[in-house]
Amino acid sequence: MPSPVDPAAESPGRGGAPPPEDVFRRLVESVPDHAIFMLDPGGRILSWNLGAERIKGYAPEEIIGRHFSVFYSPEDVAAGKPERGLKIASSIGGFEDEGERVRKDGTRFIAGVSITALRDESGRLRGFAKVTRDITERRRMEEDLRRSEERFRLLVAAVSDYAIFMLDPEGRIASWNLGGERIKGYRAEEILGRHFSVFYPAEEVAAGKPERALRLAAAEGRFEEDGWRLRKDGMRFFANVVITALRDGTGALIGFTKVTRDITARKRAEEQARELASEREARLQAQAANGARSAYLSMVAHELRTPLTSLKAYIGAMRRKQAGGGTIDRDILRRLDAQVDRFGKLVRDIGDSARLEAGRGLELELADLDLGDAVRETVRFHALAVGGAPGARHAIVLLDSAGPLPMAGDRGRLEQVVSNLIENAVKYSPDGGPIEVALATDGRDHTLTVRDGGIGVPPAELPRLAERYFRASNVSDRHFPGLGLGLAICREIVERHGGRLEIESRLGAGTTVSVRLPAKGVRRGGFEPPTRGSEVRSSVR
Amino acid sequence: MGQPGHAAMKRLLVVDDDPDIRLGLRALFEDRYDVVVARDGGEALRLIEDDGIDVMVLDLMMPAMDGPGLLAALDVRGIRIPAVVVSAFGDLRRRVSSEHGLEFVAKPFDVDELEAKIGRALCRGEDAGGGPARGGGAG
């Protein structure tokens with residue numbers, strides 16, 4: 001302790017200032033929060049300050065001269081505590097203590113006490129300086145904090161659904177709870193001090209995942225992820241992990257808290273839900289495909305039953321005529337024959353479609369032929385069929401001024417095209433009218449055109465019209481039976497001949513199908529592949 | 001063809017959009033019925049209203065007015081015609097909402113079965129007290 005004289009000697013207030021002892025005394029007397037007073041060597045009180053008066057409740061005149069043991073509880077006095085304090089202070093220079101003290105009014109408080117022995121230059125004990133603070137409030141707060149921490153520790157320890165633990169800055173496990181034990185399978189004594197990468201599958205450790213998680217948590221304060229983790233027994237579980245960086249008041253990293261939840265069940269449930277949804281989707285698709293297939297088969301059956309029905313009727317009629325001794329109408333025989341052909345064509349169409357479906361093209365039997373001849377014969381056949389009955393609505397008109405149209409081709413297949421186009425023209429002009437079949441040539445290409453004034457095709461559907469199984473919405477709406485095969489097969493046949501099939505149509509105003517066939521495009525033993533695809537377009541007139 | 005207007009003959013209307021079925025049924029029945037044909041419901045309705053029909057063989061699926069459409073149109077007019085409904089689809093009965101005391105037969109039908117059903121439809125019509133339906137009349 002510096003001599004009180006020295007600072008005073010260097011003080012700028014030298015000369016007019018009061019003596020330094022007096023300044024010091026007044027300073028001490030005015031300190032309000034600390035009781036600062038002197039004891040004589042025997043423990044009697046020699047001085048008293050404002051803080052002492054406040055803390056202990058005595059005025060200076062009430063207390064100066066009394067023994068300081070008056071501040072102790074009777075038990076402490078009986079135990080010799082006051083004397084022991086002085087004894088220790090006098091032997092080693094000082095003594096500090098925290099303990100219960102008694103105020104003048106008898107109430108007790110917690111005091112922080114320090115006693116310092118005061119000796120003169122010769123070393124003789126002159127007395128003691130005693131400083132006492134009321135630390136009741138501080139003690140209470142410390143106790144509250146301790147209790148709160150204890151409660152929190154117990155809470156964390158008891159949580160069993162979450163592994164909640166601490167890591168030191170390097171990632172070693174510094175605390176453990178029941179949840180950690182339950183979820184990860186380690187007891188506290190097995191895991192404390194080990195690195196938390198023990199919870200990661202080997203490949204993730206190799207990929208540096210644990211370090212990365214700590215780095216990100218340290219950099220951003222918090223790191224969260226869902227991922228697979230390992231239990232002590234090697235089983236994997238799917239975890240939700242949150243790592244939070246812990247920093248002290250200066251911002252220095254002191255470790256991490258880690259909260260891990262086992263969400264395997266949730267993940268499984270989600271996966272199951274996803275699987276169920278995709279199974280359901282697949283089932284619906286299969287049902288839709290089955291529905292389309294069964295609708296198609298039902299249409300096939302319908303298409304086959306219709307000619308069978310007229311066959312039965314014609315045969316029934318002949319049987320009756322014969323049984324009644326009458327003669328069989330030649331017209332009926334002719335129609336019977338035509339119905340068998342019709343039936344055969346349907347079967348052929350279905351067979352062709354199966355070939356195309358299987359990715360095999362239609363095979364052509366090529367021969368030199370006159371396209372005009374083939375078309376004329378087919379038109380004649382259909383003109384008889386549609387125009388033969390009284391009140392016929394359709395008239396098939398052949399515009400043929402082209403002369404012979406020689407080409408190499410499959411006559412049967414080309415007649416199939418002409419038949420199909422005429423049948424479509426008849427079918428899709430239910431109000432009747434002329435059906436115009438025209439032939440033309442420019443020497444290089446022969447052109448066959450079949451035009452009707454029927455219901456036409458919605459423009460948006462034209463591009464799909466020659467697709468297999470496609471049927472325009474206005475025919476499927478209006479009860480026109482059909483398989484959606486005819487045009488697709490026609491196009492295939494035409495393209496196999498190196499030609500093109502074009503469709504023009506206006507809804508409600510009719511349809512024109514043009515077929516261009518190269519006069520020399522197909523040679524026996526092979527033909528050039530078509531260089532351009534068939535075109536369908538909606539004409540605007 | 002046929003013996004139109006024969007006094008003893010009942011008048012049979014065949015309604016079908018397929019010309020061969022119309023012709024086939026005409027050939028089959030023209031020696032016992034006065035057969036008239038229509039290619040859709042609209043034409044059939046005109047014949048029924050104008051000529052009077054005793055019994056009809058009605059196809060269900062036709063463009064323009066179809067079989068169910070014709071039956072509904074007859075209902076609206078209060079006209080009841082004994083009918084045998086034919087269809088090339090299997091689920092015949094589901095396709096007709098009103099029963100009309102109808103007979104049903106699936107295509108391709110047996111000729112004798114069809115004839116039996118035409119006879120049965122006619123009996124039903126007579127039991128119900130109806131003569132041949134005429135335009136705007138019976139019902």
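At-a-glance table
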quantity: Rounded to 5, the percent of DSSP beta bridges in the protein assembly as shown classed as antiparallel; calculated: 75
quantity: Most to least packed among B:46-57, A:343-354, A:116-127 [average Cβ atoms within 10 Å]; calculated: B:46-57, A:343-354, A:116-127
quantity: Length-normalised contact order for segment B:10-127 - Cα pairs under 8 Å, 6+ apart - percent; calculated: 22
quantity: GluC sites (Glu not before Pro) restricted to DSSP loop in segment A:301-385 with at most 10 other C-beta within 10 Å; calculated: A:Glu363, A:Glu365
quantity: Gyration tensor verdict on segment A:24-64 (Cα atoms; rounded if a/c is under 1.5, prolate if a/b is larger than b/c, oblate otherwise); calculated: oblate
quantity: Viscosity 1.306 mPa s, 10 °C: Kirkwood-radius Stokes-Einstein D of chain A over Cα pairs, µm²/s; calculated: 45
quantity: Principal-axis tilt of helix A:371-387 within chain A, Cα atoms, nearest 10 degrees; calculated: 90
quantity: Charge-dipole axis of the protein assembly as shown as Lys and Arg at +1 and Asp and Glu at -1 on Cβ define it, positive-most pick from B:Ile48, A:Pro82, A:Ala295; calculated: A:Pro82
quantity: Backbone N within segment A:217-250 under 20 Å of label point (7 Å from A:Leu145 Cα along the Cβ vector); calculated: A:246-250
quantity: J(HN,Hα) series, segment A:91-96, from Karplus relation 6.51 cos²θ - 1.76 cosθ + 1.60, nearest Hz, glycine and proline x; calculated: 7, 10, x, x, 8, 10
quantity: Theoretical FRET efficiency, 1/(1+(r/R0)^6), r = Cβ-Cβ of A:Glu190 and A:Val70, R0 60 Å, to 0.05; calculated: 0.55
quantity: On Cα atoms only, tilt of A:264-323 relative to the major axis of chain A in degrees; calculated: 10
quantity: ³J(HN,Hα), Karplus 6.51/-1.76/1.60, whole Hz, each residue of segment B:12-22, x for Gly, Pro; calculated: 10, 9, 9, 10, 7, 7, 8, x, 6, 5, 4
quantity: Relative contact order %, segment A:159-262, counting alpha carbon pairs below 8 Å whose residues are six or more apart; calculated: 30
quantity: Cα-based equivalent ellipsoid, segment A:317-471: semi-axes from gyration tensor eigenvalues, Å; calculated: 29, 20, 20
quantity: Proportion of all alpha-carbon pairs of segment A:428-484 beyond 18 Å (%); calculated: 49
quantity: Sorted by Cβ density within 10 Å, fewest first, the residues A:Leu167, A:Leu356, B:Leu28; calculated: A:Leu356, A:Leu167, B:Leu28
quantity: Among A:78-85, A:150-157, the order from most to least packed when residues are scored by Cβ within 10 Å on average; calculated: A:78-85, A:150-157
quantity: Length-normalised contact order for chain A - Cα pairs under 8 Å, 6+ apart - percent; calculated: 7
quantity: Proximal charge balance of A:Val159 [Cβ under 12 Å; K/R count +1, D/E count -1]; calculated: +1
quantity: FRET efficiency, 1/(1 + (r/R0)^6) with R0 45 Å, evaluated for A:Ala295 and A:Asp442 via beta carbons; calculated: 0.55
quantity: 10 Å Cβ neighbours from other chains, averaged over peptide A:337-344; calculated: 1
quantity: Helix-only mean residue ellipticity at 222 nm for chain A, each DSSP H run of n ≥ 4 adding -39500 (n - 2.57), per residue, nearest 500; calculated: -14000 deg cm²/dmol
quantity: Length added when fully stretched, A:Leu398-A:Ala460, from 0.36 nm per residue minus Cα-Cα; calculated: 19.3 nm
quantity: Per principal axis, descending, Cα span of segment A:15-136 in whole Å; calculated: 52, 33, 24
quantity: For segment A:116-122, 3J(HN,Hα) per residue [Karplus equation, 6.51 cos²θ - 1.76 cosθ + 1.60, θ = phi - 60°, Hz, x = Gly/Pro]; calculated: 10, 6, 10, 10, 7, 4, 7
quantity: Whether segment A:271-340 is rounded, prolate or oblate, judged on the alpha carbon gyration tensor where a/c under 1.5 counts as rounded; calculated: prolate
quantity: For B:21-34, mean number of other protein chain Cβ atoms within 10 Å; calculated: 6
quantity: Cα-Cα separations in segment A:159-262 greater than 24 Å, expressed as whole percent; calculated: 14
quantity: Net charge dipole size for segment B:10-127 [Lys, Arg +1 and Asp, Glu -1 on Cβ; Debye, nearest 20]; calculated: 280
quantity: Cα gyration tensor, segment B:10-127 - rounded (a/c under 1.5), prolate or oblate; calculated: rounded
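Every read-out reported here was derived from the displayed coordinates using simple, explicitly stated rules and does not represent laboratory data. Remember, it's a predicted structure, so these values are computed and weren't measured experimentally. All Cβ positions, glycine included, derive from the backbone under ideal geometry; neighbour counts span all protein chains shown.
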